[in-house]
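These notes concern the structure reproduced below.
The values are calculated or read from the model by the stated rules, or taken from the named source; none is laboratory data. These numbers were taken from a predicted model, which means no experiment stands behind them. With ideal geometry, Cβ positions are generated from the backbone for all residues, glycine too; neighbour counts draw on all protein chains shown.
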Amino acid sequence: MENYPMNRSCGRPYHATCGMAKVQPPVASCRCEAERNRQSCACRLPGTVTKNAEMYTHADHLEPAMAYVPCQQFTNTYDLCYALNAGTIFPQLCKPFCGKRGGQR
Amino acid sequence: MMYQNACSKARLLQQINEVSFAIDDLLLYLDTHPCCEKGMALYRDYTEKRKKLMKEYAQCYGPLTIDDAIENSADTWKWMEQPFPWEREGGCR
């Protein structure tokens with residue numbers, strides 16, 4: 001559990017998360033900018049080197065202004081000890097809420 | 001010796017909790033992906049691991065569920081004699 005932040009109030013084993021990164025990215029004016037903004041996310045699948053490269057590539061071809069619930073794909077899973085702390089065995093579903101007191105910190 | 005025993009008991013219980021959680025999460029996945037072979041294989045691995053851990057716990061510290069009630073090496077019924085995990089050792093009686 002190398003990423004476990006003992007001093008964080010949310011007490012989860014990650015320090016930055018998909019869609020819940022500590023720093024709010026600026027509003028993107030185009031898809032290219034949105035792609036750059038997503039680079040700050042620290043969630044990654046086990047055994048991969050690049051950050052979140054796999055997490056959102058499937059969304060690039062989707063139409064805007066539509067709601068989607070993508071079907072989950074089977075990937076590598078977390079270690080059992082890490083999974084119990086994270087609340088899921090699937091890295092794809094690791095989407096914790098780290099907002100605080102009505103705002104994101 | 002006493003501390004070591006309590007430590008290994010807690011560690012064993014922690015491992016059971018971890019693998020039980022993984023199985024719970026995996027069965028939610030399999031509900032929507034009933035034909036996923038990788039998911040089924042992982043489910044088999046984890047249920048096998050959980051069975052072994054539950055059996056080991058029952059043999060060393062008493063059964064956690066009624067399924068393992070006769071895993072204890074003693075000939076008598078131990079189900080009601082040993083403290084349940086949520087009880088302090090002898091403290092709640």
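Residues B:ARG11, B:ARG50: which one is touching a residue at least 12 places away in the same chain (Cβ under 8 Å), closer than 23 Å to A:ASN85 by Cβ, within 14 Å of chain A (Cβ to nearest Cβ) and out of contact with any Lys or Arg (no Cβ under 8 Å at 6 or more places or on another chain)? Before the answer, list the steps.
Details: B:ARG11 fails: touching a residue at least 12 places away in the same chain (Cβ under 8 Å).
Exactly one residue qualifies, and that residue is B:ARG50.
Regarding the stretch B:36-44, can at least one residue be identified that is at pLDDT 95 or above and part of a loop (DSSP other than H, G, I, E, B)? Please lay out each step first, then the result.
Initially, the stretch B:36-44 is screened for residues at pLDDT 95 or above, giving B:36-44.
When the remaining residues are screened for being part of a loop (DSSP other than H, G, I, E, B), the result is B:36.
Scanning the stretch B:36-44 turns up at least one residue that is at pLDDT 95 or above and part of a loop (DSSP other than H, G, I, E, B).
Taking the stretch A:45-103, which residues are at pLDDT 90 or above and at positive phi?
A:ALA65, A:GLY87
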